[in-house]
Amino acid sequence: QVQLVESGGGVVQPGRSLRLSCAASGFSFSNYGMNWVRQTPGKGLEWVATISFHGSNKHYADSVKGRFSISRDNSKNIVLLQMNSLRPEDTALYFCARDHLAYYSDSSGYCDYWGQGTLVTVSS
Amino acid sequence: DVQVTQSPSSVAASVGDSVTITCRASQGIGSWLAWYQQKPGKAPQLIIYAASSLQTGVPSRFSGSESGTDFTLTISDLQPEDFATYYCQQGKSFPRTFGQGTKLEIK
């Protein structure tokens, strides 16, 4: 069955960096775009970044553009989110999520499988 | 950017009732809208995509419709497991945007 397992969260000081990882299994990982979505405790969902199945197309929310970088390793079935210059407002539960359909050159638009999330807390 | 405005922010209903949740897009997005269900402590679950297509495994009491830039999620014959928070999300363009969420509570 499809499984997405995030790791790498933790407590970090403002201005520091953190790298999140999402390990995928149970499907042909290299055929699907992947996404990061975050949720502030007790609040709504915010899309963060998307990477196409081949890794060539990447998109970012304005709130993280220039600070966060999404990447993937199709040989290891992992997607990464490198987070630099972290701010208190980046504090959230970060979910990894799979694109609904395979082979879209950019993204199929929706997410059908989600991990359980990894918590990032940015605080001094 | 496409904004999606979801309403109401909360609604109370009883088991067996029907409820309707609405999302309005700030510009035309065709049928590029999804609905997710989220229960406390859990990840969101895709229930409707492309405005009206039911995700595999989702009960048929869930349905979606569209009229221009207005999108509706209807849940008929509410069951105890349906009480959760629901989000809409547009998939037409980047940045992807979510509605603010609707908390469906038991009356």
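Segment A:68-120 and segment B:26-93 have Cα centres spaced 21 Å apart. These residues, A:Tyr113, B:Tyr87, go from largest to smallest accessible area, 1.4 Å probe, as A:Tyr113, B:Tyr87.
Per residue, how large is the accessible surface of segment B:19-58? Use a 1.4 angstrom probe and give square angstrom.
Here the residues of segment B:19-58 average 44 Å² of exposed surface.
Peptide A:91-100 is shielded by partner chain Cβ atoms: per residue, an average of 2 of them sit within 10 Å of its Cβ. Taken residue by residue and averaged, Cβ atoms of other chains lying within 10 Å of the Cβ of B:48-58 number 2. Taking the DSSP bridge list for chain A and keeping only pairs wholly inside it, about 95 percent are antiparallel. In terms of packing, defined here as the mean over residues of other Cβ atoms within 10 angstrom, the peptides B:43-51, A:116-124 line up highest first as B:43-51, A:116-124.
What total accessible surface area, summed over both chains, is buried at the interface between chains A and B, computed with a 1.4 Å probe and given in Å² to the nearest 100?
Counting protein atoms only, the buried area is about 1700 Å².
Note on the protein assembly as shown: Lys pairs 8 or more places apart or on different chains, Cα atoms under 24 Å apart, count 13.
Taking the accessible area of chain B, probe 1.4 Å, and keeping the other protein chains in place, the carbon and sulfur fraction comes to 46%. Ordered from largest to smallest accessible area (heavy atoms of protein chains, 1.4 Å probe), the residues B:Thr56, B:Thr5 come out as B:Thr56, B:Thr5. For segment B:49-66, the Karplus equation 6.51 cos²θ - 1.76 cosθ + 1.60, evaluated at θ = phi - 60°, returns couplings of 10, 6, 6, 9, 8, 7, 5, 3, x, 8, x, 6, 6, 8, 8, x, 8, 9 Hz by residue, with Gly and Pro reported as x. Residues of segment B:64-95 buried by at least 40 Å² of accessible area upon assembly of all protein chains, compared with the chain on its own (1.4 Å probe): B:Tyr87, B:Phe94. Of the listed residues A:Trp36, B:Trp32, the order by accessible area with a 1.4 Å probe, largest first, is B:Trp32, A:Trp36.
Quick check: net charge around B:Thr22, other residues with Cβ under 15 Å of its Cβ, Lys/Arg +1 and Asp/Glu -1?
Summing Lys and Arg as +1 and Asp and Glu as -1 gives 0.
Under 5 Å from the amide H of A:Tyr104 lie the amide H atoms of A:Gly33, each residue being 5 or more positions distant or on a separate chain, with H modelled from the backbone and absent for Pro and chain starts.
The values are calculated or read from the model by the stated rules, or taken from the named source; none is laboratory data. All values derive from a computational prediction rather than experimental measurement. Using ideal geometry, Cβ is built from the backbone for each residue, glycine included, and neighbour counts are taken over all protein chains shown. Heavy atoms of the whole protein, side chains included, go into the accessibility calculation; ligands, DNA and RNA do not. Shrake-Rupley method; radii C 1.70, N 1.55, O 1.52, S 1.80 Å.
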